[in-house]
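Everything on this sheet refers to the single structure shown next.
The values are calculated or read from the model by the stated rules, or taken from the named source; none is laboratory data. For clarity, every value in this text was computed on a predicted model and none was experimentally measured. A quick note on method: Cβ atoms are made from the backbone with ideal geometry, for glycine too, and the neighbour counts reach across all protein chains shown. To get the accessible areas, we keep the full protein, side chains included, count just its heavy atoms, and leave off ligands, DNA and RNA. Shrake-Rupley method; radii C 1.70, N 1.55, O 1.52, S 1.80 Å.
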Amino acid sequence: MKDRLLERLGERIPKDKLEDCLRLEGESGQTLDRILLRKGCLEENEILSLYAEELGCAYRADLEGIKVPQEFSERVPIEFARNYSLVGISVQDGVMDVATCAPFEVYPLDDLAAMVRMEVRPVLVPRAPITLLVNKAYRHKADMVDEAIETIEGDNLEDLSAFVSDSEDLLDVANKAPIIKLVNMVLFQALKMRASDVHLQPYEDRLQIRYRIDGVLYEMETVPKKVQDAVVSRVKVMGKMDIAERRVPQDGRASIKIGDAEVDVRISSVPTNHGERIVMRLLDKTTNVYRLDEIGMSVEHLAAMRRVIHLSHGIIFITGPTGSGKTTTLYAILSEVDSAEKNVITIEDPIEYHLAGVSQIQVSNKKGLTFAAGLRSLLRQDPDVMMVGEVRDEETARIAIQAALTGHLVFSTLHTNDSAGAISRMLDIGVEPYLVASSLIAVVAQRLVRVICKECKISYAPGADDLAILNDVHLDLKDLPGGLLHKGRGCENCFNTGYLGRTAIYEVMPIGEKVRELIVTRTSASVIKKAALEQGLITLRGDGLRKVREGHTTLQEVLRVTQMDFE
């Protein structure tokens, strides 16, 4: 068989290279496939498909849609699966098909067969898909927070100020101290449940763990009061904060991993009457930047946005409260701007996603690099498009507007309730009305609403409460397709909430001549909004009700996030 294999390899690789690889095989003890790959003689998929033909094994280029058998994830430690790049892909008639990228390493397969207590059959797959599936399998393994809490004893809390690696792997909990294991499992479960924030809230008798999922806080595990200080110290060590200082607020940052996925953690601690309260904001670095047509904009809003973001100069504001998805929208807009033809520069605090072809600058107040100072420097970098993370003061606002008036396209964010409120905010900051009127080209207000879970979504006829809400928002029963509303029953997939994921609702207000005239005369936001409504503005609530009619979200959810929005 080896002669036939060498003959096939000789057809694809120069004779001298193949002889060199065979010599190395004899000297190093490594298998020929590993040497061929290391030397770059053939691609991994070519080597494995060729080996599969000669060995009579199955070959797969990827593992899309594969669910790892429970017998594998429960009986095989993650360290073993990772070290030997092995993962179970199916079980049939007492035989487990196992993906491997090393067909001649038979001892790990023998060990694996003993662990899963059944015969194993190798399937040749490149290393990258195996690694991805291993991480995914153990990411969805049942959480061990309760188990970690049970292992903690009052007398085994060791020194927590030990060295912390730059990027802690949450899945690597073997041989870890109980407190470290507990904190890792809390973060692991938070990421598994798609939480954006983890709260550690101290009470008189316990430490309560809470997760913010899709914008709503849920109470989760309760940690015994006796280990509160140890848990808080561990989190502060991760964030490189001072564990001896408990009387003043502190901020820290950490980086954690789940397999190949890397997550930034921003940590904030404040002293309370029952001990230090910790909030951890989780930012997944592997999250893809959304495109403009993927963030929930209607056809009309998308068309309006695309008209203004390709203009040569002017300023566009994205407004909304903290956590309403403004940064995601800004990144989606920047991803549409052609950075090959245009010089695109951003100044942010912090940089949340990395964009190809875009120069991104991190604000550092300690070093004197504020938004205003950074913006002045940007103007000397010959930019076409600039993104300023947030306009916080008059100085930043003035520089941004001057940039817009001198031939640059500027994007930024403001904290206001609606689109018209952004104009009043700029005037309140101290910018002259004529500067705002001549530079502003559009304001986008937005909120995030939870999306009904597709797994447990049902249609139903509106009850008395729903009819009362429909009446309040001026929506007629005949406006609903089939006269029905939608909701989620609640299932395992959405943790019995009826919602899974979020989408945005928008209010896009291009600045027309009528609105410009009102800005110059310092007209109130309510009058500006009324004028915009007459020109066809769709309000936040209006866009939300459209998503209710389309079955994306519920009436209650739209009302929850648009309480301040009145037409």
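Annotations
- Shape class of the stretch 253-393 from the alpha-carbon gyration tensor: prolate, with a/c at 1.5 or above and a/b greater than b/c.
- Cα-based helix-to-principal-axis angle, 525-534 vs the chain, degrees rounded to 10: 80 degrees
- The stretch 120-138 and the stretch 515-548: distance between their alpha carbon centers, rounded to Å: 54 Å
- Rounded percent of accessible protein surface that carbon and sulfur make up, the chain, 1.4 Å probe: 48 percent
- The relative contact order of the stretch 401-559 comes to 30 percent, based on Cα pairs under 8 Å that sit 6 or more residues apart.
- Applying 0.36 nm per residue to the separation of Ser377 and Gln402 and subtracting their alpha-carbon distance, the gain on full extension is 7.7 nm.
- Overall form of the stretch 173-262 per C-alpha gyration tensor (a/c, 1.5; a/b vs b/c): rounded
- Entry comment: accessible area of the stretch 411-567 is 46 Å² per residue, from protein heavy atoms only and a probe of 1.4 Å.
- Per-residue [θ]222 nm for the chain (sum of -39500 (n - 2.57) over DSSP H runs n ≥ 4, rounded to 500): -11000 deg cm²/dmol
- Virtual paramagnetic centre 7 Å along Cα→Cβ of His313, amide N under 11 Å, in the stretch 388-418: 402-409
- Residue separation of Asp110 and Arg8 scaled by 0.36 nm, minus their Cα-Cα distance, works out to 33.9 nm of gained length.
- Anisotropy class of the stretch 326-423 from Cα gyration tensor, a/c 1.5 cut: rounded
- Net length gained if the chain between Glu262 and Ala303 were fully extended (0.36 nm per residue, minus Cα distance): 11.3 nm
- Relative contact order (percent, whole number), the stretch 452-515, Cα cutoff 8 Å, 6+ residue spacing: 41 percent
- By the rule of a C-alpha distance below 17 Å, with chain neighbours fewer than 8 residues away ignored, the lysines paired with Lys547 are Lys454, Lys457, Lys478, Lys487.
- Projected-area mean, the stretch 497-567, by convex hull of Cα positions, square nanometres: 5.4 nm²
- Shown for the chain: cysteine residues without a partner Cβ closer than 4.7 Å, namely Cys21, Cys41, Cys57, Cys101.
- The residues of the stretch 310-398 present an accessible area of 45 Å² per residue when probed at 1.4 Å with all protein chains retained.
- When the convex hull of its Cα atoms is projected in every direction, mean area for the stretch 243-296 (nm²): 6.0 nm²
- Sequence-separation-based contact order of the chain, relative, with Cα cut under 8 Å and 6+ spacing, percent: 8 percent
- Taking the DSSP bridge list for the chain and keeping only pairs wholly inside it, about 65 percent are antiparallel.
- Fraction of the pair-distance distribution of the stretch 273-319 above 17 Å, Cα-Cα pairs, percent: 61 percent
- Distance histogram for the chain (every C-alpha pair counted, 20 angstrom bins, percent rounded to whole numbers): 17, 40, 34, 9, 0
- All C-alpha pair distances within the stretch 388-465, sorted into 5 Å bins from zero, spread as 3, 12, 21, 20, 9, 4, 5, 6, 6, 7, 4, 0 percent across the bins.
- All lysines inside 23 Å of Lys225 as judged from Cα atoms, apart from same-chain residues fewer than 8 positions distant: Lys176, Lys181, Lys236
- Scaling the Cα radius of gyration of the stretch 447-515 by the globular reference 2.2 N^0.38 Å produces a ratio of 1.46.
- For a label point 7 Å along the Cα-to-beta-carbon line of Val270, residues of the stretch 194-208 with backbone N under 18 Å: 197-204, 208
- Reachable lysines, given that their alpha-carbon falls under 19 Å from the alpha-carbon of Lys67 and they are not under 8 places away in the same chain: Lys136, Lys141, Lys192
- Rounded to the nearest 10 degrees, the angle from helix 394-405 to the longest Cα principal axis of the chain is 90 degrees.
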